[in-house]
Amino acid sequence: MDSGFVKSEGEPEKPESGYEIGDYVWEDSNKDGIQNKEEKGISGVNVVLKDKEGKEVNRVETNSEGKYLFQNVKNGDYTMEFETPKGYESTKQNVGGNVG
């Protein structure tokens, strides 16, 4: 007996607890736009989650290791804004790729 499957076209079901969005903010000490092993996280950076209309949904601050996490995020379209800390400027963008 054979069996075949086709991916559905619908939205993925939202987990009951919502989604998590998070990552890491680091100091690009060599200014190449790529996160290297020896580059440390930056604490106290405000990260703002905004809905598709640009309205602020939530705000978190990076921890002592530069990590941030939004929890229980509802299914939808979002953007994030990283508030540049005093004494810093943005590094190169869209350099390299994601591994993993």
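Here are the numbers for the structure shown:
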item	result
Subset of region 7-26 (residues that are at pLDDT below 90 and either surrounded by 12 or more Cβ atoms within 10 Å (Cβ to Cβ) or touching a Cys at 6+ places or on another chain (Cβ under 8 Å) (or both))	14, 18
Strands (runs of 3 or more DSSP E) wholly inside region 36-87 containing at least 1 residues that are at pLDDT 95 or above, polar (S, T, N, Q) and surrounded by 14 or more Cβ atoms within 10 Å (Cβ to Cβ)	46-51, 56-61
Restricting region 88-98 to residues that are under 15 Å from the mean Cα position of the chain (by Cα) and more than 16 Å from residue 22 (Cβ to Cβ), the residue that is modelled with the highest pLDDT	93
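The values are calculated or read from the model by the stated rules, or taken from the named source; none is laboratory data. Since we're looking at a predicted model, the values are computed, not measured. Neighbour counts run over all protein chains shown; Cβ positions are idealised from the backbone, glycine included.
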